[in-house]
Amino acid sequence: MILRLGVLDQSPIISGHTPAEALRETIALAVEAETLGYARYWLAEHHAIAALADPCPEILVAAVAAATSRIRVGTGGVLLPYYSPLKTAEVFRMLEALYPGRIDLGIGRAPGGDMTTARAMGGGAYSGAEDFPEQVQDLVGFLDDSLPADHPFARVRAMPAGPTAPQVWLLGSSDYSGALAAHLGLRFAFAHFISAQGGDAVMREFKAKFQASPRERSAASLLCCFVICADSDEEAEQLAKCIDLRRLHMALGVDAPVPTLAEADSRSYSPQERAYIQQQRARLVLGSPATVKARLLELAAQYGADELSILTITGDYASRRRSYQLIAAAFGLGNSGTANREAALAG
């Protein structure tokens, strides 16, 4: 069985670069990822964060899909509490019409930024997750033209209509979305890069309680991991200094671009900060190709994941690209890339 590999791209803004440059790097990396044999390319939604350039993944999905020809492209994910299920369905039906059989709709419920920004996004209020299950059901109903006859909007049809629809994935870092995905018969992706503890139990529970639906006859799962791969373990350890400082910035409320290696090297750390950084390393897979491959296979087996998605951020765009190249080579995607892509398109 082929272990499918995909990419999650948060469109990082590295210190000294502009958001526009970050977006161009995303599109260039997507083109390379397709060539390397990755099966999916997902774009993430974040708001008012100096280190991340993409608040509108649905727009970037269109740009990436236009620049590629085979790889599946989607969101990891759209933050549904901000949006109308009908409008979201229309956007993704449009993407599906333009790029049939290639679009993934990953859905999240986190704010994707601070709570002040969340309230601004919601016109002064933030509904949180209270209505999320109903929103997801309505969204799927609009996508598939399958709302119950007694639904108040049953006669509303999301356009453009067509014979195919995007794959729908619920994203989560706790048991909430896993349980909902199992109940609704949808695909589920767990964010190991957010929460390194307990996700294997969440994934097992999702598969154990999965209820077949018109969309999915059996459970499909994906594990997303933060990975830094370099030619040697020592080089990967050096590159990881940038994400160590980035995560410390997040904990301290410092809103800044992703630091470069020079900036990370020049920073001094208190014992408490070093302890925090070490604690966060549980959410990071790093090392040489052999080291990374072994750890990713271990995680895939532990979680029972059908697919892996790789998120890589470093202090320069060249080493980020190099990381994806090394991982693809380690897993033989250059040899099995066609089968990898065909499996993703089929399933």
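The values are calculated or read from the model by the stated rules, or taken from the named source; none is laboratory data. Quick caveat, the model's predicted, so the values are computed rather than measured. Cβ sites come from the backbone with ideal geometry, for glycine too, and all protein chains shown count toward neighbours. These area figures cover heavy atoms from the full protein model, side chains too; ligands, DNA and RNA do not enter into them. Shrake-Rupley method; radii C 1.70, N 1.55, O 1.52, S 1.80 Å.
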Point-to-point label distance, ASP131-ARG157, nm (Cα→Cβ direction, 7 Å offset): 2.6
How large is the charge dipole for segment 92-154, taken about the Cα centre, if only the Cβ atoms of Lys, Arg (+1) and Asp, Glu (-1) carry charge, to the nearest 20 debye? 280
Please work out how much length the chain gains when fully extended from SER174 to ILE194, using 0.36 nm per residue of separation minus the C-alpha to C-alpha distance, in nm with one decimal. 6.2 nm
The chain - accessible surface per residue (Å², probe 1.4 Å): 42
Taking r as the C-beta separation of ALA329 and ALA66 and R0 as 35 Å, the FRET efficiency to the nearest 0.05 is 0.80
With springs only between Cα atoms under 10 Å apart, run a GNM on the chain and tell me which of ALA201, ALA118, ALA154 wobbles the most. ALA154
Can you compute the label reach from ILE2? Point 7 Å from Cα along the Cβ direction, backbone N cut-off under 15 Å, restricted to segment 27-46. 34-41
Quantify, in whole percent, the carbon and sulfur part of the accessible surface of segment 215-315 (1.4 Å probe; protein heavy atoms only). 52
Can you pull the one-decimal nm distance between simple spin-label points at ALA318 and GLN211, each 7 Å off the Cα toward Cβ? 5.4
Say R0 is 25 Å: what FRET efficiency, to the nearest 0.05, do THR116 and GLN272 get from their beta-carbon distance? 0.40
Among 130-142, 292-304, the order from most to least packed when residues are scored by Cβ within 10 Å on average: 130-142, 292-304
